[in-house]
1. Within region B:139-157, can one find any residue that is closer than 25 Å to B:VAL23 by Cα and more than 14 Å from chain A (Cβ to nearest Cβ)?
2. Here is a list: A:LEU186, A:LEU177, A:LEU142. Which entry is farther than 29 Å from A:THR50 by Cβ and either out of contact with any helix residue (DSSP H, G or I) (no Cβ under 8 Å at 6 or more places or on another chain) or free of Cβ contacts under 8 Å to residues at least 40 places away in the same chain (or both)?
3. Which ones in region B:234-245 are of a type in the set (A, V, I, L, M, F, W, C) and in contact (Cβ under 8 Å) with a residue 24 or more places away in the chain?
4. Here are the criteria: (1) farther than 23 Å from B:THR234 by Cβ; (2) in contact (Cβ under 8 Å) with a residue 24 or more places away in the chain; (3) of a type in the set (A, V, I, L, M, F, W, C). Tell me which single one B:ILE35 does not satisfy.
5. Out of region B:189-209, which residues are surrounded by fewer than 20 Cβ atoms within 10 Å (Cβ to Cβ) and more than 25 Å from B:ARG82 (Cα to Cα)?
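Nothing in this text is a laboratory measurement; each read-out follows from the coordinates by a stated rule. Owing to the predicted nature of the structure, the values given are computational and were not obtained by experimental measurement. A quick note on method: Cβ atoms are made from the backbone with ideal geometry, for glycine too, and the neighbour counts reach across all protein chains shown.
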Amino acid sequence: MMIQVEKLCKSFTLHNQGGAVIPVMQDAQFDVAPGECVGLIGASGAGKSTLMRMLYGNYLAASGHIRIGGVDVARAEPREILALRRDRLGYVSQFLRVVPRVSTLDVVAEPLLRTGCAPESAGARARDLLERLNIPRHLWTLSPTTFSGGEQQRVNIARGFAYAYPALLLDEPTASLDAGNREVVLALIEEAKARGAAIVGIFHDEAARRRVCDREVDVARFTPGLA
Amino acid sequence: MTPLLQVEAVSKFYGARIGCTDVSFDLYPGEVMGIVGESGSGKSTLLNCLAGHLPPDAGAVRFDTRADGLRDTVTMNEPERRMLGRTDWAFVHQHARDGLRMNVSAGGNVGERLMAVGARHYGDIRNTATDWLGRVEIAADRIDDRPSAFSGGMQQRLQIARNLVTGPRLVFMDEPTGGLDVSVQARLLDLMRGLVREMGLSAIIVTHDLAVVRLLADRLMVMKDGHVVETGLTDQVLDDPQHGYTQLLVSSVLQV
């Protein structure tokens, strides 16, 4: 298994609101094999995004295990998680967090450069992805800061798919894309599966989910008080 | 892997008052750590203890020296510590005038650090200085101007060039973007990100600006009243803060 989630629990403690403790996840458990795509489903607020953020180490697990690429994200040191994110675990979030002044090409090529890829081949891969995702060529040297929401999202997807991560997290990758670009993103996901990537995704787009997901995991099963 | 810097139970007191107390962490090569906290939280005291500017009252600060591996810089003799300060360490001050010689030309400011480590050939020094001014985006024709004729942002970039020209392995930064315009800040941050990656630098950045650490730091340490209250991955500490003080700090940031 590439991704193994075991007895994962999470609660938020709001110290500045009387120390209220809000349990949000209890005993989450599922696996993802290489080449497999698992879709997280459940009503809004069931904890899909929370689970995704925990897998990436962005939210701290209260207890349980998240084993990805030989690292237990639930208890790893920051530098182990940083190394995991560099060469084993990718995350396409819903929004591009833009670094001021960095060109679109460099934004997309950065994950490749961080793994020691030669600048020429990183640049070639970045251009190829931007081309496929229909980002007009004259925008490539500009910072995506001023791009439209849809363009930023596609730059974000190009960045997320630039390096061939063995494990990949996708948060609504097809949301608000036109039919043509949606098709490109679905093809990218299928290619990633074909090369053996283990993928966890959130897709509100049902047709997209049926097409790329091999299985579904209902997060409501892990929501305290709902199960 | 050997940590580049190993900090163990460092404490500094000002009489009965706590500067910082019982701070421990390891910093590995290529890592950038941010230290945040409000004024008076002890973050600058800690930075100065780590950089050898203030003697801690207790604890050890071990640095992985090129010659002898991990050595405690607190018990090291003064000439050795000064040598580290000129070679493997760099310190970027909040106020550029604390880190620059204001009555010496820009080229001289960069060249001086090179001469301190033995460079003697004028042409080489000037070429290296010109190259570094270019890297921090200062036009070559300003090389003979004094920093007093520079804008705040330019002075800060010059200070960075002066510090990095000798190829240090560890950079201490105290509020490096404090007091600069937002647009100037963005440029400086982008520049620092690039240099950190290209040179494989490790850095410790003290700031109260959470946006700065989100952009620059891999790891974050939150201080309050001289104590470390929380540490972790930068995005995890900012997006899922565990300690009440960090929660307050994060929720107090104005959204733009």
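1. Checking region B:139-157: not a single residue is closer than 25 Å to B:VAL23 by Cα and more than 14 Å from chain A (Cβ to nearest Cβ).
2. Working: A:LEU186 fails: farther than 29 Å from A:THR50 by Cβ; A:LEU177 fails: farther than 29 Å from A:THR50 by Cβ.
Only one candidate qualifies: A:LEU142.
3. The one that is of a type in the set (A, V, I, L, M, F, W, C) and in contact (Cβ under 8 Å) with a residue 24 or more places away in the chain: B:LEU238.
4. Unmet condition: (1).
5. Within region B:189-209, B:ASP190, B:LEU191, B:ARG193, B:GLY194, B:ARG197, B:GLU198, B:HIS208, B:ASP209 meet the criteria.
Residues checked against (1) among the acidic types (Asp, Glu); (2) surrounded by 18 or more Cβ atoms within 10 Å (Cβ to Cβ); (3) away from chain A (no Cβ under 12 Å); (4) in contact with a Leu (Cβ under 9 Å, 6 or more places away or on another chain):
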residue: B:ASP218; (1), (2), (3), (4): yes, yes, no, yes
residue: B:MET223; (1), (2), (3), (4): no, yes, yes, yes
residue: B:VAL237; (1), (2), (3), (4): no, yes, no, yes
residue: B:ASP240; (1), (2), (3), (4): yes, yes, no, yes
residue: B:LEU248; (1), (2), (3), (4): no, no, no, no
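Yes or no, residue by residue, for (1) under 28 Å from A:PRO119 (Cα atoms); (2) in contact with a Gly (Cβ under 8 Å, 6 or more places away or on another chain); (3) among the small types (Gly, Ala, Ser):
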{"position": "B:VAL136", "(1), (2), (3)": "yes, no, no"}
{"position": "B:ILE143", "(1), (2), (3)": "no, yes, no"}
{"position": "B:GLN156", "(1), (2), (3)": "no, no, no"}
{"position": "B:ASN163", "(1), (2), (3)": "yes, yes, no"}
{"position": "B:PHE172", "(1), (2), (3)": "no, no, no"}
{"position": "B:ALA217", "(1), (2), (3)": "yes, yes, yes"}
{"position": "B:VAL222", "(1), (2), (3)": "no, yes, no"}
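The rows are residues; the columns are (1) under 26 Å from B:GLY30 (Cα atoms); (2) touching a residue at least 40 places away in the same chain (Cβ under 8 Å); (3) touching a Lys or Arg at 6+ places or on another chain (Cβ under 9 Å).
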{"residue": "B:ASP218", "(1), (2), (3)": "yes, yes, yes"}
{"residue": "B:MET221", "(1), (2), (3)": "yes, yes, yes"}
{"residue": "B:ASP225", "(1), (2), (3)": "no, yes, no"}
{"residue": "B:VAL229", "(1), (2), (3)": "yes, no, no"}
{"residue": "B:GLY232", "(1), (2), (3)": "yes, no, yes"}
{"residue": "B:GLN247", "(1), (2), (3)": "no, no, no"}
{"residue": "B:VAL253", "(1), (2), (3)": "no, yes, no"}
